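Notes for the one structure printed next.
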Amino acid sequence: MTDSSLAPVRWDGEALVLLDQRQLPHEETYLRCTDHAEVVAAISTMVVRGAPAIGIAGAFGVVLAARAAGKVSEGRRADYLQAALRALREARPTAVNLAWAVDRMATCLASAGAELVAALTEEAERIFDEDLAANHRMGDLGAALLSPGARVMTHCNAGALATAGYGTALGVIRSAWREGRLAEVFATETRPWLQGARLTAWELQRDGIPVRLITDGSAAHVMRTRGVAWVIVGADRVAANGDVANKIGTYALAVAARYHGARLMVVAPASTVDLSTPSGEAIHIEERTPSEVLEVAGTRFAAPGVEALNPVFDVTPADLVDVLVTERGVLERPDAAGMAALMA
Ligand code: MRU
């Protein structure tokens with residue numbers, strides 16, 4: 001099986017059903033969100049995570065807010081909706097897909113007539129469908145760049161769990177496996193939240209794709225000793241000059257890849273490209289609670305009083321990106337001119 005049957009974000013007609021990614025891979029539990037505040041909480045506590053997936057969740061959050069707004073007095077309705085849009089948009093700051101999806105829903109809200117909730121539901125479903133189609137297209141485009149027998153490394157989880165399905169980086173890996181181009185995947189564990197260990201290794205194992213988990217610190221050594229041809233990652237925001245914000249550790253992988261002659265492929269849909277952000281300097285990097293660094297599964301292992309810093313994304317300068325794969329095409333060595341042409 002090379003298409004993942006995972007359904008991290010699903011609309012059941014009444015509520016948003018989210019696969020609780022905090023419990024994976026050991027428990028498959030689902031959380032049913034019936035109002036937008038529950039969606040905001042689910043996004044910020046990482047029940048649902050990954051740039052496209054939080055965008056889709058945010059879009060259905062707008063549907064829930066519009067439905068509830070029908071029960072609010074007419075005088076308060078506009079304020080209620082504005083507050084809901086703002087809360088959804090700000091639930092996490094770095095992945096532009098969330099703001100992009102909420103803004104797209106706000107445009108639909110402004111133009112919808114009497115059948116407001118139906119129109120918004122259709123728009124959110126379109127966002128979902130477009131993401132799934134983009135992933136399959138990017139999978140084909142990216143896989144074509146790999147030579148048969150390629151060994152690749154991936155970071156964090158840019159898979160079905162992070163999207164409508166199939167995945168961005170893992171979409172390329174799935175397509176490459178189907179086409180017989182892939183020998184093996186090295187998945188970094190991705191401290192502190194362990195998206196690689198808990199999610200990516202599990203997703204690939206379910207699809208029968210050969211994967212070996214490595215510690216983050218062993219990445220450069222594995223590149224040097226195991227002949228890694230490509231480092232393939234997703235993105236949370238691609239700036240107008242081609243700088244890429246992605247999970248913390250991506251920048252270090254990019255530096256190590258350049259040194260070892262491995263190529264860096266960033267796979268991201270157009271909804272992740274933000275031409276209004278001129279460069280990576282302007283990207284808000286989310287910092288999460290230090291307890292994610294100081295503790296593992298709720299048990300503190302650092303000495304009492306030790307402090308931690310927990311930036312959860314970093315910026316890879318465009319110079320270190322060999323290829324950006326979007327559903328609109330492949331851009332080699334992205335720069336401002338290439339980005340503008342790609343998005344025109
Ligand atoms: O903190 P997360 O798990 O939401 O971070 C996810 C990532 O950084 C992914 O690599 C990125 O969103 C691309 S997902 C297709």
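The values are calculated or read from the model by the stated rules, or taken from the named source; none is laboratory data. Please read all numbers here as calculations on a predicted model, not as lab measurements. Neighbour counts run over all protein chains shown; Cβ positions are idealised from the backbone, glycine included.
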Inset, instruction - Please tell me if G70 is more than 15 Å from the chain's Cα centre (by Cα), modelled with pLDDT of 95 or more and under 19 Å from A118 (Cβ atoms). - result: no
Legend entry - Selection status of A124, in a loop (DSSP other than H, G, I, E, B), of a type in the set (A, V, I, L, M, F, W, C) and modelled with pLDDT of 95 or more: no
Inset, instruction - Inspect all residues belonging to the stretch 28-45 and state whether any of them is farther than 19 Å from D103 by Cα, within 16 Å of the ligand (Cβ to nearest atom), among the hydroxyl-bearing types (S, T, Y) and in a loop (DSSP other than H, G, I, E, B). - result: yes
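Per-residue answers, yes or no, for (1) outside the structural domain of T188 (by TED's automatic domain parsing); (2) surrounded by fewer than 24 Cβ atoms within 10 Å (Cβ to Cβ); (3) charged (D, E, K, R):
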position: R89; (1), (2), (3): yes, yes, yes
position: A106; (1), (2), (3): yes, yes, no
position: A118; (1), (2), (3): yes, yes, no
position: A144; (1), (2), (3): no, yes, no
position: T154; (1), (2), (3): no, no, no
position: N157; (1), (2), (3): no, no, no
position: T163; (1), (2), (3): no, no, no
position: Y166; (1), (2), (3): no, no, no
Inset, instruction - Could you please tell me which pairs satisfy a Cβ distance under 9 Å, a separation of 6+ or placement on different chains, a first residue in the stretch 261-278 that is more than 30 Å from A220 (Cβ to Cβ), and a second residue that is of a type in the set (G, A, S) and within 13 Å of the ligand (Cβ to nearest atom)? - result: A270/A134; S271/A51; S271/G55; S271/A134
Inset, instruction - Would you be able to say whether some residue in the stretch 334-341 is closer than 14 Å to R237 by Cα, within 16 Å of the ligand (Cβ to nearest atom), among the aliphatic types (A, V, I, L, M) and at pLDDT 95 or above? - result: no
Inset, instruction - Answer yes or no as to whether A69 is out of contact with any Ser or Thr (no Cβ under 9 Å at 6 or more places or on another chain) and within 16 Å of the ligand (Cβ to nearest atom). - result: no
Inset, instruction - State whether one or more residues within the stretch 89-104 are more than 20 Å from the chain's Cα centre (by Cα) and aliphatic (A, V, I, L, M). - result: no
Inset, instruction - Return yes when A59 is closer than 28 Å to V312 by Cα, assigned by TED's automatic domain parsing to the domain that holds V40 and over 16 Å from the mean Cα position of the chain (by Cα) and no when it is not. - result: no
Inset, instruction - Report whether or not V117 is within 12 Å of the ligand (Cβ to nearest atom) and either modelled with pLDDT of 95 or more or within 29 Å of I43 (Cα to Cα) (or both). - result: no
Inset, instruction - For the stretch 21-33, state whether one or more residues are touching a Leu at 6+ places or on another chain (Cβ under 9 Å) and polar (S, T, N, Q). - result: yes
Inset, instruction - Only residues in the stretch 297-313 that are free of Cβ contacts under 8 Å to residues at least 40 places away in the same chain count as the first member; pair them with residues that are surrounded by 10 or more Cβ atoms within 10 Å (Cβ to Cβ) and of a type in the set (V, I, T), Cβ under 7 angstrom, at least 6 apart or cross-chain, and list the lot. - result: A308/V293
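Residues are listed down the side, and each one gets a yes or a no for (1) without any contact (Cβ under 8 Å) to a residue 24 or more places away in the chain; (2) on the phi > 0 side of the Ramachandran plot; (3) within 12 Å of the ligand (Cβ to nearest atom):
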| site | (1), (2), (3) |
| --- | --- |
| A220 | no, no, no |
| M223 | no, no, no |
| G227 | no, yes, no |
| R237 | no, no, yes |
| G242 | no, yes, no |
| T250 | no, no, yes |
Legend entry - Odd one out for K71, checked against (1) under 18 Å from T163 (Cα atoms); (2) in a loop (DSSP other than H, G, I, E, B): (1)
Inset, instruction - Test N97 against the stated conditions and say whether it is within 14 Å of the ligand (Cβ to nearest atom), of a type outside the set (S, T, Y), touching a Pro at 6+ places or on another chain (Cβ under 8 Å) and over 16 Å from R181 (Cα atoms). - result: yes
